[in-house]
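Single-structure report; data block below.
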């Protein structure tokens with residue numbers, strides 16, 4: 001799962017598919033946030049005598065884009081592989097289940113009538129054949 005670098009919110013798979021570029025909780029854009037963090041880090045390093053500034057910000061953006069591209073490739077690879085799902089539990093509200101079962105019972109009445117007519121018709125045909133053969 002992807003985690004927001006700003007608020008540490010863990011995005012669900014659906015949220016990642018719907019909007020992979022931003023956090024639904026705090027609204028930041030991941031690439032921009034990571035680039036800004038990298039630029040701030042480079043700026044702090046430049047104050048201590050290392051490289052930074054605009055070049056550091058561009059390098060941070062390149063790194064963020066490369067990381068994003070790698071994540072997209074991994075996500076595409078994981079989607080193409082078959083997954084096996086086991087349902088362990090599901091929660092159905094009680095009254096929804098009652099309503100479903102009542103509908104099921106009412107749906108079985110016409111089915112029972114049809115089956116009864118088919119059995120009666122088959123028995124009638126067999127009895128007529130039996131009378132003919134006597």
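Of the residues making up the stretch 71-94, none is outside any loop (DSSP other than H, G, I, E, B), surrounded by 10 or more Cβ atoms within 10 Å (Cβ to Cβ), modelled with pLDDT of 90 or more and not assigned by TED's automatic domain parsing to the domain that holds residue 22. Return yes or no: is residue 115 assigned to a helix (DSSP H, G or I), surrounded by 10 or more Cβ atoms within 10 Å (Cβ to Cβ) and either out of contact with any strand residue (DSSP E or B) (no Cβ under 7 Å at 6 or more places or on another chain) or modelled with pLDDT of 95 or more (or both)? The answer is yes for residue 115.
Out of the stretch 1-15, which residues are over 17 Å from residue 32 (Cβ atoms) and modelled with pLDDT of 80 or more?
Scanning the stretch 1-15 gives 8, 10, 12, 13, 14, 15.
In this structure, residue 15 does not satisfy being under 18 Å from residue 74 (Cβ atoms), out of contact with any strand residue (DSSP E or B) (no Cβ under 6 Å at 6 or more places or on another chain) and touching a residue at least 24 places away in the same chain (Cβ under 8 Å).
The values are calculated or read from the model by the stated rules, or taken from the named source; none is laboratory data. Since the model is a prediction, treat every value here as computed from it, not as a measurement. Glycine gets a Cβ as well: all are built from the backbone with ideal geometry, and neighbour counts include every protein chain shown.
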